[in-house]
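The structure appears below as structure tokens.
Coordinate-derived values only; no laboratory data. Everything numeric in this text was worked out from a predicted model, so none of it was measured. Every residue, glycine as well, gets a Cβ built from its backbone with ideal geometry; the counts of neighbours run over all protein chains shown.
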Protein chains: 2
Amino acid sequence: MRPTITAFERSPDLGRGLARDMRVRWAMEEIGQPCDVRLVSFEQMKQPAHLALHPFGQIPTYEEDNLALFESGAIILHLAQKHPGLLPVDADARARAIAWMFAALNTMEPPIVEYGMSKVVERGQPWFEARQPMLEDRVRTRLGQLSARLGTADWLDGDFSAGDLLMVTVLRRLPGSGLVEEHPNLAAYVTRAEARPAYQRAFAAQLAVFNRAAG
Amino acid sequence: MRPTITAFERSPDLGRGLARDMRVRWAMEEIGQPCDVRLVSFEQMKQPAHLALHPFGQIPTYEEDNLALFESGAIILHLAQKHPGLLPVDADARARAIAWMFAALNTMEPPIVEYGMSKVVERGQPWFEARQPMLEDRVRTRLGQLSARLGTADWLDGDFSAGDLLMVTVLRRLPGSGLVEEHPNLAAYVTRAEARPAYQRAFAAQLAVFNRAAG
């Protein structure tokens, strides 16, 4: 059976591929596994049927035969372990690539999401401007460390892996801030990933959904 | 070769087992794998030797033969895949337990860390009090969803797994807030986990380090 994932019926990202279904779409294109996409509204995401799939009422979810998964990182790891193309075959290299998956989601993403969310949720607050430098500095610290580790390499550890895929989707959550661009090697890293045919196909697919919804 | 992990020479958590080495110590006790612990100072964590092991200058790290890993989630997944005791054998159940590992680290932990960090970093700021209800509400939303999913079960999905181990270490970052206690099933879940002999041994080991450093 073809797996089914869920995605926003109307993504708040204006078609820029920032929602977390983009990660799973991209991973599925990298491994050449077609999937069905079921679109859900914000209202449906809070209903029991969706909460049974995703306890935190978010997207994406993943359904395949009798297995239902949530959490984009877990879905991608599941795909990467089942199909070649997203993780090295060598056991040690595979463990290191998985470490980059966790680093993307647990070390890089939280300060980046916090910074982005402040601009949406707290923009009208009297403290908004005063807190921005602190939030930016947190992101800058992590970007500086990531840039130092990447150096002149194309990818974080050997060949392109699910670790790079997740890291790039996290870095793409900083558009317009100029923070990634402070590190030319990180900006080139994102561009290099976005040029992958699998990325292009996934991006086009999510953009088509947005454009249809926008009518 | 016995694996070696790193931990704080002087943990800022006052021996409460909130630093991320506790997760790895606990996992190693669950699988019955002894390890050596190398203590590092905050100054050493920023030096090239440590940054070669951990690009973001944190603890824990994990070294075993020719493999070096960082990110507590990745280390625990590596251990859980190598040794029985932390993940189900059935492939679908295993994928679901791994989803809980990612949920603990990527969905539950970020708002909990943000809430805890605000109390340390922003307590003196004029906006501190005004922002607390918002930060608390974010945590409350996630705790409510987690409580609803756990229901009357002992563990999140079948037997105790690495997903429960990580989730409990995340919930333990909320001491004194009373937020976990708003959900008796979550409070009992944490207590149930803390009663495990492997947890007790790991807790005692990290406390001994703290007490020695405190002299």
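Simple rule: put +1 on each Lys or Arg Cβ and -1 on each Asp or Glu Cβ in the protein assembly as shown, find the dipole, and look at B:195, A:4, A:33; the Cα lying farthest toward the positive end is B:195. Between residue B:49 and residue A:132, the simple label model (points 7 Å from Cα in the Cβ direction) yields a spacing of 4.3 nm. Only the Cβ atoms of Lys and Arg (+1) and of Asp and Glu (-1) were treated as charged; on that basis the dipole of chain B about its Cα centre amounts to roughly 340 debye. The phi torsions of segment A:56-68, fed into the Karplus equation with coefficients 6.51, -1.76 and 1.60 and a -60° offset, translate into couplings of 9, x, 10, 10, x, 10, 9, 10, 8, 6, 9, 9, 10 Hz, rounded to whole numbers, with Gly and Pro shown as x. For residue B:38, the residues 5 or more places off, or on other chains, whose built amide H falls under 5 Å of its own are B:5, B:6, B:7. Look at B:11, A:118, A:41 and count the other Cβ atoms within 10 Å of each Cβ; fewest to most, that gives A:41, A:118, B:11. The phi torsions of segment B:114-130, fed into the Karplus equation with coefficients 6.51, -1.76 and 1.60 and a -60° offset, translate into couplings of 4, 5, x, 5, 4, 5, 8, 8, 10, 4, x, 7, x, 8, 3, 4, 5 Hz, rounded to whole numbers, with Gly and Pro shown as x.
Compute the distance from the alpha-carbon center of segment A:97-165 to that of segment A:47-64, in whole Å. Answer, in whole Å: 26. Relative to the Cα centre, the charge distribution of segment B:91-196, modelled as +1 at Lys and Arg Cβ and -1 at Asp and Glu Cβ, gives a dipole magnitude of about 140 debye. Annotation for residue A:208 and residue A:123: the two label points, set 7 Å from Cα along the Cα-Cβ direction, are 3.2 nm apart.
Between B:103, A:100, A:171, the Cα set farthest toward the positive side of the dipole of the protein assembly as shown (charges on each charged residue's Cβ, about the Cα centre) is that of A:171.
Karplus-derived 3J(HN,Hα) values for segment A:179-195, using 6.51 cos²θ - 1.76 cosθ + 1.60 with θ = phi - 60°, are 6, 4, 5, 5, 10, x, 5, 6, 4, 5, 4, 5, 4, 4, 6, 5, 7 Hz; glycine and proline are entered as x. Work through the residues other than residue A:185 whose Cβ is under 12 Å from its Cβ and net out their charges, Lys, Arg +1 and Asp, Glu -1. Surrounding charge for residue A:185 is -1. Please identify, among A:146, A:77, A:51, the residue showing maximal mean-square fluctuation in a Gaussian network model of chain A using a 10 angstrom Cα cutoff. Checking each option, the largest mean-square fluctuation is seen for A:51. Cα centroids of segment A:1-44 and segment A:177-215: 14 Å apart.
On a per residue basis, the convex hull of the C-alpha atoms belonging to chain A measures out at 131 Å³. Between residue A:33 and residue A:1, the simple label model (points 7 Å from Cα in the Cβ direction) yields a spacing of 1.5 nm.
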